[in-house]
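Working notes, beginning with the structure itself.
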Amino acid sequence: MISDNYNEDLAITRAPHKDYPQAVPASFYIDPKKCLFLNYETCQICIPTCQAKAIDFSQKEERLDLSVGAVILAPGFGRISDKVLARYGYGHFPDVVTSLEFERIMCASGPSRGEIIRPSDGKHPQKIAFLQCIGSRDITSGNGYCSSVCCMYAVKEATVVKEHAPDVDISIFYMDMRTAGKGFDASRQRARDTHHLRFIRSRVAEVRERGDKLRLSYADSEGNHREDDFDMVVLSVGLESPEDAQSLARTAGIKLNQYDFCDTKAFLPLDASRPGVYVAGAFQGPKDIPESVMQAIGSAAAAAEILREARGTEVIRKEYPSEMGIAKEPRIGVFVCHCGINIGGVIDITEVAKYAQTLKDVVFVDDSLYSCSQDSQKVIKDAIKEHNLNRVVVAACTPRTHEPLFQETLRDIGLNRCLFEMVNIRDQCSWVHAHEPEEATSKAKDLVRMAVAKARLLYPLPEQTVPVIPKALVIGGGIAGMTAASSIAEQGFECFLVENSAQLGGNLRRLKTTLTGEDPGQLLNEVEARVRNHPRIRVYTNTQIENVSGYIGNFASTLSTETGSEVIEHGVVVVATGGREHRLNKYLYGQSKHVLTQLELEEILSAPEKAKKINEVVMIQCAGSRGDDLSYCSKLCCGQAVKNALRLKELNPAASIYVLYRDVRTYGFMEDYYREAREKGVVFIKYEKENPPVVMPNDDKITVEFMDVLLGEKVKLEPDLVALSVGIVPNEVEELAKLLKIPLNQENFFLEAHVKLRPVEMAVSGVYVCGLAHSPKPIDESIGQARAAAGKACVPLSKGFVAVEPIVSSVGKDKCIGCGICESLCPYKAIHLIKVDKKKKAETITASCKGCGICAAHCPTLAISMGGFTNEEIMAQIRAFGQC
Amino acid sequence: MGREHGAKSGAVLVVGGGVAGVQAALDLAEMGFHVYLVEKSASIGGAMARLDKTFPTNDCAL
Amino acid sequence: MAQDSFKPKILGFLCNWCCYAAADSAGVGRYQYPPNLRTIRLMCTGRIDPMFIIEGFVCGADGIFAGG
């Protein structure tokens, strides 16, 4: 028995094991550090035990020499050292755990099967403390940076605990709550309000043991010393650079930064120091999943740019076995998923499986812990072969995410993918009837019965594809749009870059410096020259998008230019419409010449003579954001304020600068600049949302009054200038969103298809988003996301075709009487009348059909059928519902 | 393979099989490149495969 | 009391792109609602033929829900 590394060593496993049921590859492996044979040349019990005779100790390490055109480094992150954790009792007290360990403790497939228990005595903790910034924002630990993810995962873990056990008391000890990403602040607030999480702004000084509890000492926000006892302490550990960062850097020939993360520049966030080597994910700097995914897609695009001539030269196409003929009699296999405890914890899976066995034409039933795991796919394939199954029903989560996976399994074994039906017994059953297990079980049985009834009537449908016009339309000529256009063109495709104003550049034109010292003006000149001179890019300025019609692969857009209108055809669309500084109606903005926005201050600071005369500045953070004006965090203002503060200190070291803030959100390596600003004497003072600073006119001058919590009294200042962090709003895009039929969120930012895994795609295929149109973000993230959008956009362009889901309509020409009702009703112009033997007949335009079925529902002769949703199939489901 | 001398390779090496490495590998393959995905541990998935759920939607991480 | 024990059987037709997606989100958000609904996923509520509704009532539905 050895400790289970996957479960953070909280459980035990054997030397030959696999990490978790869904592990890819799905085969077992032998841990060489723990194997008795490899270490002591004894044991070898596994060799005769393995019935497949799959264990071969004579295998040797092989050296492979690969010839590649580009390298992408994504080694992830390392762990904060135990020495740092030991300061908080980790290693001494068993109930002090890391957040990663706690993640396993909460997980249904973890060592305690999702039961939240203390490691020391297995009891349920009643009071839990989360300690933030462990190994982050702490130069004594060697990590001056902010790890950018801990605030979010702490809120998540606290929320999950509360969902399991609403009575548990949770305190989160933090310095600043840095929930800066899209929608993050709203989630944090919701979690705090619904689950009554206690947020305590303090760095805990010490963790001691007291009886069977852990005593924390800390200073509260008024500076008073406090102590409190907890059953369990979770250390929100930061992200360290990978342990092997230095050797990897040597091997790859790239530079690291001072913290041993990959060194990149703000304007080239994905480029390592060696040409042809790109970086993605936490190795580039601590970051969360969506940012990592964006960088990954962007670095793939970067590699595709330099290798465009070699595209397709070394690919191996996946071949599917030819489809087997299927017997007329349905032979249905039903697979019921536990989804850990997500389904199995509520629904009686055994009962559902037993019930499925009784249904007509069901010849095989099985249940599995996770039916999406790779070994479960093998079980399904084997069952299809062994039992000659010709229809498959999986009762698990939602077909909206998992149907393609199971359909692929069917294709792999030679079964048409339309012979599949999915039953949603998780998202729409166990999760929403968590407290009514019997009712949920009976609902699951009904749904399985209905699906089986439909499955009996399923029949194979042909795969169809439509060609793609290999050109892209990029809307918006700011840095995001220009970057996207440049990448698409470099990847080898023609691109139309459309900007509604007279100039390219957008907000970049107003930037004078960056926090990390780059020159935005130079970037603008370079990128503008690149897109204007590129043979594959056509730039349109002063141009509006009048209309967009079509679908992925075949869009036609009408542009209204200064010289008239023009129709362009393209296969994909990248939306980079950008955003701008919000305009405020408070803090005397627009009324007093002493009140500016941060961008306006930046303009002044670019003229050193003027800047030297500024002796006192008060900066008000979240002046527009996180409140009544804009509900969200604008993400970039804290960095901007620190940048301007440092710039002013450089020009006039004697200047007094006060930054009034709610939380300083200088995440990642920006934290170093925040620290530098404090060291140089910039004063940061926290204010509460309920008690914001007040700006008053004072003859020709101006007065700022605010509450200093530490002093416990009101402070009045008469600064030369007040700089407001006004926040970012998206540009007007309602019309465009309507034209493209893509959704906006409440704040009018474009809504991505999936916040974590599809951060640049949108609900409509072939349309991608990047930059401020997606959410407020600093320039390096806009550039990274723009390259990601270009990467995704080039997928259909380089394939040259897109596959059509076989849900489209088809017309039975014999039954069709040519009445034309379908043509008049179709919202997509996807069905029309043609002459067949002098008679009018309807015909589907497959590429345009969305499968909505309006035509089928209105056809008076029932001549139109929908793939996977025929009248007969739906009627069978209805009858199975009523068991009639 | 059999590529002409001096011509660019149509293959890309991706180091690391966490969410970033896997995503890069998938996209490169979709774009028409051969990918070598190298991961030092026994299975891909990295840190994300150890997460129970993800913020802010609390979707399953696996 | 009779009112309390009435457990209606409701048949739902849900559009894949909106109501079905919303029902999934409800699950992700762990919203709890009464377990009386049995759903049929369609690609659009436009697919609903009046015949489906009649058949639903004939087969014993106490109510029909169309979500799109």
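List of remarks:
- Kyte-Doolittle at least 0.0, axis length at least 27 Å by Cα - qualifying DSSP helices, chain A: A:779-799
- Whole-Å distance, taken between Cα centres, linking the range A:207-246 and the range A:300-345: 45
- Computed from point charges on the beta carbon alone (+1 for Lys and Arg, -1 for Asp and Glu), the dipole magnitude for the range A:80-137 about its Cα centre is near 140 Debye.
- Per residue, the range A:576-719 exposes 44 Å² of solvent-accessible protein surface, assessed with a 1.4 angstrom probe and all protein chains in place.
- Separation of the range A:541-579 and the range A:353-408, taken as the distance between their Cα centroids, equals 45 angstrom.
- Positive-end ranking of A:G564, A:L601, A:L588 along the dipole of the range A:533-604, with charges on Cβ about the Cα centre, is headed by A:L588.
- For the pair A:E309 and A:D720, the difference between a 0.36 nm per residue extended length and the Cα-Cα distance amounts to 142.1 nm.
- Annotation: the antiparallel percentage among DSSP beta bridges lying fully within chain A is about 50.
- Carbon and sulfur %, accessible surface of the range A:21-166 computed with the full protein complex present, 1.4 Å: 55
- Within the same chain, lysines fewer than 8 places from A:K34 are excluded, and of the rest, those with a Cα less than 25 Å from its Cα are A:K18, A:K53, A:K60, A:K83, B:K40.
- Summed side-chain charge close to A:A356 - residues other than A:A356 whose Cβ falls under 9 Å, Lys, Arg +1, Asp, Glu -1: +3
- Loop GluC sites (Glu not before Pro), the range A:262-324, which have at most 15 other Cβ atoms in a 10 Å radius of their Cβ (DSSP): A:E319
- A full extension of the chain between A:A205 and A:D193 corresponds to an added length of 1.6 nm, given 0.36 nm per residue minus the alpha carbon distance.
- Pairwise label distance in nanometres, A:D708 with A:D56, each label 7 Å out on the Cα-Cβ vector: 7.5
- Given R0 = 22 Å, the distance between the Cβ atoms of A:I341 and A:T401 translates into a calculated FRET efficiency of 0.70.
- Lys, Arg +1 and Asp, Glu -1 on Cβ, resulting dipole of the protein assembly as shown about Cα centre, debye, nearest 20: 1560
- Whether the range A:70-227 is rounded, prolate or oblate, judged on the alpha carbon gyration tensor where a/c under 1.5 counts as rounded: rounded
- Sites A:N533 and A:A502 - FRET efficiency at Förster radius 25 Å, r taken between beta-carbons, to 0.05: 0.85
- The overall shape of the range A:147-231 is oblate: from the C-alpha gyration tensor, with semi-axes ordered a ≥ b ≥ c, the ratio a/c is 1.5 or greater and a/b is no larger than b/c.
- Taking each of A:K741/A:K841; A:K799/A:K850; A:K33/A:K378; A:K265/A:K792 in turn, the alpha-carbon distance tops 25 angstrom for A:K741/A:K841; A:K33/A:K378.
- Unit charges at the beta carbon, dipole of the range A:250-344: most positive-side option, A:G340, A:A327, A:F283: A:A327
- Taking only the Cα atoms of the range A:203-313, the ratio Rg/Rh comes out at 1.24, with Rh defined as the Kirkwood radius.
- Shape call, chain A: gyration tensor on alpha carbons, a/c limit 1.5: oblate
- Pair C:S25, A:R226: separation of 7 Å Cα→Cβ label points (nm): 3.7
- GluC sites (Glu not before Pro) restricted to DSSP loop in the range A:440-531 with at most 15 other C-beta within 10 Å: A:E463
- A Förster distance of 45 Å, applied to the separation of the beta-carbon atoms of C:Q32 and A:E679, puts the FRET efficiency at 0.30.
- Here's the picture: charge each Lys and Arg Cβ at +1 and each Asp and Glu Cβ at -1 in chain A, and of A:I854, A:A440, A:L736 the one pushed furthest to the positive end of that dipole is A:I854.
- Placing +1 on the Cβ of every Lys and Arg and -1 on the Cβ of every Asp and Glu, with nothing else charged, gives the range A:679-799 a dipole about its Cα centre of roughly 900 debye.
- Cα-based Kirkwood hydrodynamic radius, the range A:1-105, one decimal, Å: 17.3
- The helix-based estimate of mean residue ellipticity at 222 nm for chain A, built from -39,500 (n - 2.57) per DSSP H run of four or more residues and divided by its residue count, is -8500 deg cm²/dmol to the nearest 500.
- Taking a Cβ cut-off of under 13 Å around A:D231, the surrounding Lys, Arg, Asp and Glu residues balance to a net charge of -2, with basic ones at +1 and acidic ones at -1.
- Mean Cα-pair separation over length for chain A, i.e. relative contact order, pairs under 8 Å, 6 or more apart, %: 11
- Distance between the pseudo-spin-label points of A:A654 and A:E566 (7 Å out from Cα toward the beta carbon): 5.8 nm.
- Sequence-distant lysines (8 or more away, or on other chains) whose Cα lies within less than 16 Å of A:K613: A:K593, A:K649, A:K701
- Centre-to-centre separation between the Cα atoms of the range A:729-762 and those of the range A:143-157: 27 Å.
The values are calculated or read from the model by the stated rules, or taken from the named source; none is laboratory data. Predicted model, so just to flag it, every value in this text is computed and none were measured. Virtual Cβ from ideal backbone geometry, glycine too; neighbours counted across all protein chains shown. Note: areas computed on protein heavy atoms with side chains; ligands, DNA, RNA excluded. Shrake-Rupley method; radii C 1.70, N 1.55, O 1.52, S 1.80 Å.
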